[in-house]
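The values are calculated or read from the model by the stated rules, or taken from the named source; none is laboratory data. Here the structure is a predicted model, which means the values were calculated and not measured. Heads up, the Cβs are rebuilt from the backbone with ideal geometry, glycines too, and the neighbour counts pull from every protein chain shown. The protein model used for the area step is the full one, side chains on, heavy atoms only, and it has no ligands, DNA or RNA in it. Shrake-Rupley method; radii C 1.70, N 1.55, O 1.52, S 1.80 Å.
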Amino acid sequence: MSLRRLGFLTAALLTAATLTACSAEPVEADDPKPSPTGTTAPSGAPGGAPDKGGLALAEAIRKTPVAEEQRTGYERDSFKHWVDEDDDGCSTRQEVLLAEAVTAPEQGARCTLTGGSWLSYYDEVEVTDAKKLDIDHLVPLAEAWDSGAHDWTPERREAYANDLGPERSLVAVTAKTNRSKADRDPAAWMPPAESATCTYLVDWTAAKLRWNLSADETEQTALLELAKPCADSIVEYEPAS
């Protein structure tokens, strides 16, 4: 079992224990949304480390910088992704599929995967064909651009798009839910499974804090409202280098 998979399974167990207040790609869709104007979001310099033991979800949401979004100049190709960073023959997409498999697939030449099974936590659907899964950037590439990544170097955007450090910055989910989500933030889209609510809010907030990405006022207001049933949820993150 890979270290990332072991970490993913451990994090899943810890998340299930703490989220008691909630109910017991080949291609990621990044459909355009209207481009707001005004204040430029801050750059992607790492933020401060979390308090020992993490932050309560509402506190973590309030810690996220607030700024208007900036869509000008966004192109999906600005984020080079699905690279093979460790030269082991498996791209980032395949690494996520291997890490999150409930039943491990067989790995062939060039990391071709056959068999296996996965659970898409957005909609609680079991998938037995990897081709039917999308790898979702928890905070979509377009949303990241809006929220600060427009000021990053190409190298930092590549690091963001292939971030295998946290367990759920990238997640394997059904193509249907990923493409329904597109580039929308939680003010406009949430996973259809009620059981996913608190986990998704924790993951979204952790990703924003990890990369020092901002939230607009509408997003922050929605996050705080949605987080009310998740009083016991804890956000832990490590600032990206």
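Which condition breaks for Ala142 when tested against (1) in contact with a helix residue (DSSP H, G or I) (Cβ under 8 Å, 6 or more places away or on another chain); (2) open to solvent by 30 Å² or more (accessible area, probe 1.4 Å)?
Of (1) in contact with a helix residue (DSSP H, G or I) (Cβ under 8 Å, 6 or more places away or on another chain); (2) open to solvent by 30 Å² or more (accessible area, probe 1.4 Å), only one is false for Ala142: (2).
I'd like the full set of residues that are under 20 Å from Ala142 (Cβ atoms) and surrounded by 13 or more Cβ atoms within 10 Å (Cβ to Cβ), limited to segment 77-99.
Correct list: Ser78, Phe79, Lys80, His81, Trp82, Val83, Thr92, Arg93, Val96.
Assess whether Ala67 counts as being farther than 18 Å from Lys208 by Cβ and either surrounded by 21 or more Cβ atoms within 10 Å (Cβ to Cβ) or touching a Gly at 6+ places or on another chain (Cβ under 9 Å) (or both).
no
Could you tell me how many of the residues in segment 70-84 are basic (Lys, Arg) and over 23 Å from Arg110 (Cβ atoms)? Can you show your working first?
To start, the set of residues in segment 70-84 that are basic (Lys, Arg) comprises 71, 76, 80.
Still in the list and also over 23 Å from Arg110 (Cβ atoms): 71, 76.
Result for segment 70-84: 2.
Can you list residue pairs whose Cβ atoms sit under 8 Å apart, with the first residue in segment 147-165 being open to solvent by 30 Å² or more (accessible area, probe 1.4 Å) and the second being outside any helix (DSSP H, G or I) and aliphatic (A, V, I, L, M)? Count only pairs 6 or more apart in sequence or on different chains.
Partner pairs satisfying both residue conditions: Asp151/Ala41; Glu158/Val83; Ala159/Ala240; Leu164/Leu170; Gly165/Ala240.
When only residues in segment 182-194 that are open to solvent by less than 40 Å² (accessible area, probe 1.4 Å) and over 13 Å from the mean Cα position of the chain (by Cα) count, which is farthest from Lys208 (Cα to Cα)?
The selected residue is Ala193.
Which number in (1) closer than 28 Å to Leu113 by Cβ; (2) open to solvent by 50 Å² or more (accessible area, probe 1.4 Å) marks the one condition that Glu225 misses?
So Glu225 meets the others, but not (1).
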